[in-house]
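Asker: Questions regarding the structure given below will be posed in turn.
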Amino acid sequence: NNPTEGPLSAEIDVAITLHKATNLLAKDRNMMGKHTTSDPYVKVFYNGDSIGKTFFKKKTLAPVWNQTLEHVIDEDEAGLIRNGQDAYSLTRPNHPSFLLVLYDHDNGSADDILGQVTIPIAYKGSEREWCKLETGEPKSKYYCKKTSGEIQVSIKITSDPLSHTVRVHDAKKKISESAFDDESSDDESLDFGKKKRQSDDAPKATIVLHQAANLLALDCNIVGKHTTSDPYALVFYKGEKVGKTPVKKKTLNPEWNSGFEQVVSDEEAELIKKGQDAYSMKQPGHPSFLLVLFDHDNGSSDDVLGVVTVPISYNGIENQWYTLERGKPNSKYHCKKTQGE
C-alpha cells in the first residue's frame, strides 16, 4: 500500500472540508455602534487561485459550514505530497498547501478580512483539526491588522492512481459512516472534482440543497408518538442518481448545504437556454432535477418524506423554497402523506 513505490507522475484529487469556526473577530456594529458580530465566510486558494468559497453565515462569531471543496493536484505537486509526509517536509515553503481566508460579508462595501491560515496537504489527510487564524504578512494581499479565533478543517486524498488502494472508496466509506453525525461533511460530493476534470468542456448544471423545514415526523419517541425524523435527500437527473446529502439526526428542519454537479448534453443545454419562461420550465421535456427526501431507518427500509421536481433555469435560482409533494400514485417514490418545504 506504499504510494511512493514506482513513478510519481500522476495527478491526485484532494478534498478539503471547512467544518466551522469559533471566537471570530466582530466587525459589524449594533445600534449603539459597538462591534458585536460578523457575517463570516471562507475562500480557499491553491497556488494563488480561488478554488471555491463557503456560504456566508449571518450574525455569528461561531459559524458552521460543513462544506467540502475538491481540487485536482498536478503531477509534480502530487509527487511532493506523496514524498513529503514527515513533519519537516510539510512545513517547507514549496510543499503544496491551501490558503484559507476568512471574510466578513458586507453589503455595499468591500468585505473585511477576518484572518487567514495556511494548511499543508498531508498525504494521510487530517481529521477535524483546529487551526489558529493569523494576520498574514504585512503588505500581503490578505493581510489584516487584527484577528482572533480558530477554524476546524479536514483534508482527504480522495483519488490517487498510483496508490495500490483506491482511496476514494476509503474516503467515501469514512464519510458514509459519519453521515449520521449532524456535523458530518457531504456524503457524495467528493465525486465532483473528478467529474469536472473529465468533462471540463461539457455544459453542467449545479444544484445546492441548503435546508428543509417542517418535515413529516416518522420516528416515534418512547411513548409511541411520532416526534422526529432522520432526513436526507437523494438527487436524480433523468432517473439516474446524481448524489446524496448526509443524514441529519432527529430533526424536522435539517441543514445540509450540499452541492451536486451534473453534466448535461448540448441538446439539453439548448433546451435550458431557450426555455427561460415559467411556462417552458413546467413542460415535461424541460431538463430538471428530482429531489426525494427520506427518513433514515436502521434495520428497515427508509421511508419517503416527499418529492419535488426542480426545473433547471438558465439564469439560476437563488435560495428558492419548494413545497414537497407526494409524487404520482404507483410511482417509485410515492408517499401517502407529506408536508414541509
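The values are calculated or read from the model by the stated rules, or taken from the named source; none is laboratory data. Quick caveat: nothing in here was measured; it's all calculated off a predicted structure. Quick reminder, even Gly has a Cβ in these numbers, built from the backbone with ideal geometry, and neighbours come from all protein chains shown. Side chains are part of the model used for accessible areas, which takes the heavy atoms of the whole protein and leaves out ligands, DNA and RNA. Shrake-Rupley method; radii C 1.70, N 1.55, O 1.52, S 1.80 Å.
Asker: Of the residues K241, K273, only one is among the basic types (K, R) and closer than 27 Å to E70 by Cα; which?
Answerer: K241
Asker: Let me ask another. Among the numbered criteria (1) within 16 Å of P311 (Cα to Cα); (2) of a type outside the set (A, V, I, L, M, F, W, C); (3) touching a Phe, Trp or Tyr at 6+ places or on another chain (Cβ under 8 Å), which single criterion is violated by T245?
Answerer: With respect to (1) within 16 Å of P311 (Cα to Cα); (2) of a type outside the set (A, V, I, L, M, F, W, C); (3) touching a Phe, Trp or Tyr at 6+ places or on another chain (Cβ under 8 Å), T245 is out only on (1).
Asker: Could you name every one of the strands (runs of 3 or more DSSP E) located completely within segment 1-120 that has at least 2 residues being touching a residue at least 12 places away in the same chain (Cβ under 8 Å) and open to solvent by less than 10 Å² (accessible area, probe 1.4 Å)?
Answerer: Numbers: elements: 12-22, 35-37, 40-46, 49-53, 64-73, 97-104, 112-120.
Answer list for segment 1-120: 12-22, 40-46, 64-73, 97-104, 112-120.
Asker: Let me ask something additional. Condition first: closer than 19 Å to F294 by Cβ, touching a Ser or Thr at 6+ places or on another chain (Cβ under 7 Å) and without any contact (Cβ under 8 Å) to a residue 40 or more places away in the chain. Now tell me which residues in segment 221-250 satisfy that.
Answerer: T228, K250
Asker: What number of residues within segment 241-258 satisfy the criterion of being open to solvent by 30 Å² or more (accessible area, probe 1.4 Å) and assigned to a strand (DSSP E or B)?
Answerer: Residues in segment 241-258 being open to solvent by 30 Å² or more (accessible area, probe 1.4 Å) and assigned to a strand (DSSP E or B): 3 in total.
Asker: Could I ask something else about it? Got a sec? Which of K225, K146, K156, K173 is under 22 Å from the mean Cα position of the chain (by Cα), exposed (fewer than 13 other Cβ atoms within 10 Å of the Cβ) and either over 30 Å from P311 (Cβ atoms) or at pLDDT 90 or above (or both)?
Answerer: None of the other options fit; the residue is K173.
Asker: Right, something else. Among the residues of segment 327-341 satisfying the criterion of being closer than 15 Å to D303 by Cα and among the basic types (K, R), which is least open to solvent (accessible area, probe 1.4 Å)?
Answerer: Here the answer is K337.
Asker: For segment 312-326, what are the residues that are part of a loop (DSSP other than H, G, I, E, B) and either modelled with pLDDT of 85 or more or open to solvent by 80 Å² or more (accessible area, probe 1.4 Å) (or both)?
Answerer: Across segment 312-326, the qualifying residues are I312, Y314, N315, E318, N319, Q320, W321, Y322, T323, L324, R326.
Asker: Go through the residues of segment 282-296 one by one and say whether even a single one is open to solvent by 20 Å² or more (accessible area, probe 1.4 Å), assigned to a loop (DSSP other than H, G, I, E, B), touching a Leu at 6+ places or on another chain (Cβ under 8 Å) and not basic (K, R).
Answerer: Checking segment 282-296: at least one residue is open to solvent by 20 Å² or more (accessible area, probe 1.4 Å), assigned to a loop (DSSP other than H, G, I, E, B), touching a Leu at 6+ places or on another chain (Cβ under 8 Å) and not basic (K, R).
Asker: How many of the residues in segment 1-49 are under 15 Å from Y123 (Cβ atoms), hydrophobic (A, V, I, L, M, F, W, C) and at pLDDT 80 or above?
Answerer: Qualifying residue count for the region: 4.
Asker: Picking from L102, L90, L61, which residue would you name as being of a type outside the set (V, I, T) and modelled with pLDDT under 85? Let's see the steps before the verdict.
Answerer: Numbers: L102 fails: modelled with pLDDT under 85; L61 fails: modelled with pLDDT under 85.
Answer to the check: L90.
Asker: Restricting the search to segment 259-276, which residues are farther than 17 Å from E240 by Cβ, at pLDDT 75 or above and open to solvent by 50 Å² or more (accessible area, probe 1.4 Å)?
Answerer: Across segment 259-276, the qualifying residues are D266, E270, L271, K273, K274.
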